[in-house]
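Report on one structure; see the data block that follows.
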Amino acid sequence: MTNPEQNISGKELKASLIEYPCAFPIKVFGQSQQGFLQAVTEVVLQHDPGFTAASVTMRNSKTAKYVSLTCTVTATSRAQLDALYQALCDHPLVVMVL
């Protein structure tokens, strides 16, 4: 008899469209304020030690009230990406993560 959770896990792993390791872009949105880039960079570095802030692209909203950062990380596993997304979502300066 097989464990249904193992079957589900196996299907999820096989269904993944991501092949690890890979370069994976993450968009992080927040209000334009001093220290936002630094704060996001520190969180990302905890999950991808090889990450460099020089690879971040920044774009302001039309009114310059908000800023979006695109951080391209080296994704090594689903667990790493999940932990990174959670850490970014939990940060007080971050409004949204895609």
The one condition I18 fails out of (1) in contact with a Leu (Cβ under 9 Å, 6 or more places away or on another chain); (2) at pLDDT 95 or above is (2)
Within segment 13-26, residues surrounded by 14 or more Cβ atoms within 10 Å (Cβ to Cβ) and either within 18 Å of D90 (Cα to Cα) or among the polar types (S, T, N, Q) (or both) come out as I26
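Residue-wise test of (1) assigned to a strand (DSSP E or B); (2) among the small types (G, A, S); (3) touching a Leu at 6+ places or on another chain (Cβ under 9 Å); (4) within 26 Å of S16 (Cβ to Cβ).
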site: L45; (1), (2), (3), (4): no, no, no, yes
site: G50; (1), (2), (3), (4): no, yes, no, yes
site: A54; (1), (2), (3), (4): no, yes, no, no
site: V73; (1), (2), (3), (4): yes, no, yes, yes
site: A83; (1), (2), (3), (4): no, yes, no, yes
Flagged pairs (Cβ under 6 angstrom, 6 or more apart or on separate chains; first in segment 53-70, under 12 Å from V28 (Cα atoms) and without any contact (Cβ under 8 Å) to a residue 40 or more places away in the chain; second surrounded by 14 or more Cβ atoms within 10 Å (Cβ to Cβ) and of a type outside the set (A, V, I, L, M, F, W, C)) are T57/T70; R59/S68
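The values are calculated or read from the model by the stated rules, or taken from the named source; none is laboratory data. A quick note: this is a predicted structure, and the numbers were derived from the prediction, not measured. Positions of Cβ are backbone-derived with ideal geometry, glycine not excepted, and every protein chain shown enters the neighbour counts.
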